[in-house]
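Enquirer: Before anything else, here's the structure in question.
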Amino acid sequence: MQFFRTKRLVVASAAALSVALGTVAVVGGNGVGEVYAQENDTDLDGVVEAMPATGMVGTWTVGGKTVQVTEATAIDQEMGALAVGVPVEVEGTAQPDGSILASEIEVADNR
């Protein structure tokens, strides 16, 4: 019983530290829109829900999260074309408003 109490304390402490640093350990557990972060570096796996009407640069929604795509964002479409409904992996930096400034977006391998 002591082991479980200690484990809960460690998990609670990690969560509190994560909040204090402005990071998230894991959000979502259903495999859709899961966010993994360490400090401000953030990885997001999810489905593209919205994209700019023209081009790639602008505000996207991926797995329920707002993703800012700039001209500096590397976009990898080796596994297929980007479009609404396509699963992607996003790497970027967490912003104070909760959005992610994307450094890379990659179409996910569906194999």
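Every read-out reported here was derived from the displayed coordinates using simple, explicitly stated rules and does not represent laboratory data. Please read these numbers as outputs of a predicted model, since none were measured by experiment. Every residue, glycine among them, receives a Cβ derived from its backbone with ideal geometry; neighbour counts consider all protein chains shown.
Enquirer: Return the distance in nm (one decimal) between the two label points of a simple spin-label model at E49 and D97, each offset 7 Å from Cα along Cα→Cβ.
Expert: 1.7
Enquirer: Which order do L44, L101 fall in if you start with the one that has the fewest other Cβ atoms within 10 Å?
Expert: L101, L44
Enquirer: When the C-alpha atoms of the stretch 64-111 are aligned to their principal axes, what extent does each axis show, in angstrom, from largest down?
Expert: Taking the Cα atoms of the stretch 64-111, the three principal extents are 34, 23, 16 Å.
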